Amino acid sequence: MKQFDDLPFNARPDLTPYLIHLTKNTEAADRYSALENLESILKTGEIWGSDTAKGFIKGPNKAACFMDVPFQALVKYVLTPEDSDPQNPRYEPYGIVFKKQTAYRKGCRPVLYLSDAETGAIGIPREQLWRVVRFEMTDAGWISWLHEREWRCKGSFGLPPTVPAVLVRNTSDANEFYRRMLKTPSEFKCKPLSVVPLNVICPGLLRPKA
């Protein structure tokens, strides 16, 4: 009987055995930086499901979102200047790395990329619309988030006691994160086994912090 590790995630450079959940600053709402939000997630031990009212998740159920993207592609093609502008970020270079096997066991699955018409024609129940991401051609152009290779789980995602890594922008952030974790280790319900500065993986690809 084949096991999860028999899947080709470890054998191909275009695939990865990990999923990534990125954080961003919410300074406009509560003055929290992306690093502080990352710290808060690890302390609470939970990734909250995205709010359906903002339009990112269809249907009545919230969902926690993850990316199936290799690190080097994450920096070059996802954390682009237009999507990681600190004044209005969609993403920032801070996040949590999970093994796909762990995420799968907790109910995470790849999303369904469908047009609105296809979603209706298939008859996906309203309760299951959290699985769907819009993908279609309109008069204004393509609507496509295929590059994220998104996985989701319904509702919030409870973190395991440890995760393989957290991602931060640079070595300065890594030192600051270690300082915070060592200062109050008992406050962290989930502890990372490593802290990875993304500017070390892909030097020069992340623009300086504003």
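The values are calculated or read from the model by the stated rules, or taken from the named source; none is laboratory data. Since this is a predicted model, take the numbers as computed values, not measurements. We place every Cβ from the backbone using ideal geometry, glycine too, and count neighbours over all the protein chains shown.
Overview of results
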item: Pick from the range 52-99, criterion modelled with pLDDT under 85 and part of a helix (DSSP H, G or I), ranking: farthest from the chain's Cα centre (by Cα); result: 53
item: Filtered residues of the range 29-59 (kept if free of Cβ contacts under 8 Å to residues at least 40 places away in the same chain, more than 21 Å from residue 130 (Cβ to Cβ) and of a type in the set (D, E, K, R)); result: 30, 31, 36
item: Condition check for residue 26: β-branched (Val, Ile, Thr), touching a Phe, Trp or Tyr at 6+ places or on another chain (Cβ under 9 Å) and in contact (Cβ under 8 Å) with a residue 40 or more places away in the chain; result: no
item: Cβ-Cβ under 8 Å pairs, at least 6 apart or on other chains, the range 113-131 side at negative phi, far side surrounded by 10 or more Cβ atoms within 10 Å (Cβ to Cβ) and of a type in the set (Phe, Trp, Tyr); result: 113/135; 113/145; 114/135; 115/135
item: Boolean, residue 102 is more than 13 Å from the chain's Cα centre (by Cα), assigned to a loop (DSSP other than H, G, I, E, B) and either at pLDDT 95 or above or β-branched (Val, Ile, Thr) (or both); result: no
item: Lone qualifier among 165, 174 - being surrounded by 14 or more Cβ atoms within 10 Å (Cβ to Cβ), free of Cβ contacts under 8 Å to residues at least 40 places away in the same chain, of a type outside the set (Asp, Glu) and out of contact with any Lys or Arg (no Cβ under 9 Å at 6 or more places or on another chain); result: 174
item: Top-ranked residue of the range 96-112 - restricted to ones that are touching a Leu at 6+ places or on another chain (Cβ under 6 Å) and not aliphatic (A, V, I, L, M), ranked as surrounded by the fewest Cβ atoms within 10 Å (Cβ to Cβ); result: 100
item: Set 38, 22: member being at pLDDT 95 or above, over 30 Å from residue 123 (Cα atoms) and not in a helix (DSSP H, G or I); result: 22
item: Residue that is touching a Cys at 6+ places or on another chain (Cβ under 9 Å), within 18 Å of residue 161 (Cα to Cα) and buried (at least 17 other Cβ atoms within 10 Å of the Cβ), where the choices are 57, 47; result: 47
item: Failed criterion for residue 136 (all others in (1) of a type in the set (D, E, K, R); (2) within 27 Å of residue 42 (Cβ to Cβ); (3) surrounded by fewer than 17 Cβ atoms within 10 Å (Cβ to Cβ) hold); result: (2)
item: Matching option when the condition is over 24 Å from residue 9 (Cβ atoms) and in contact with a Gly (Cβ under 7 Å, 6 or more places away or on another chain), among 55, 123, 155; result: 155
item: Set 92, 39: member being touching a Leu at 6+ places or on another chain (Cβ under 8 Å), acidic (Asp, Glu) and surrounded by 19 or more Cβ atoms within 10 Å (Cβ to Cβ); result: 92
item: Top-ranked residue in the range 25-35 [being in a loop (DSSP other than H, G, I, E, B) and closer than 18 Å to residue 83 by Cβ; ranked as nearest to the chain's Cα centre (by Cα)]; result: 25
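Conditions (1) under 25 Å from residue 78 (Cα atoms); (2) modelled with pLDDT of 95 or more; (3) of a type in the set (Lys, Arg), marked per residue:
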{"residue": "112", "(1), (2), (3)": "yes, yes, no"}
{"residue": "131", "(1), (2), (3)": "yes, yes, yes"}
{"residue": "145", "(1), (2), (3)": "yes, no, no"}
{"residue": "157", "(1), (2), (3)": "yes, yes, no"}
{"residue": "172", "(1), (2), (3)": "yes, no, no"}
{"residue": "187", "(1), (2), (3)": "no, yes, no"}
{"residue": "191", "(1), (2), (3)": "no, yes, yes"}
{"residue": "201", "(1), (2), (3)": "yes, no, no"}
{"residue": "209", "(1), (2), (3)": "yes, no, yes"}
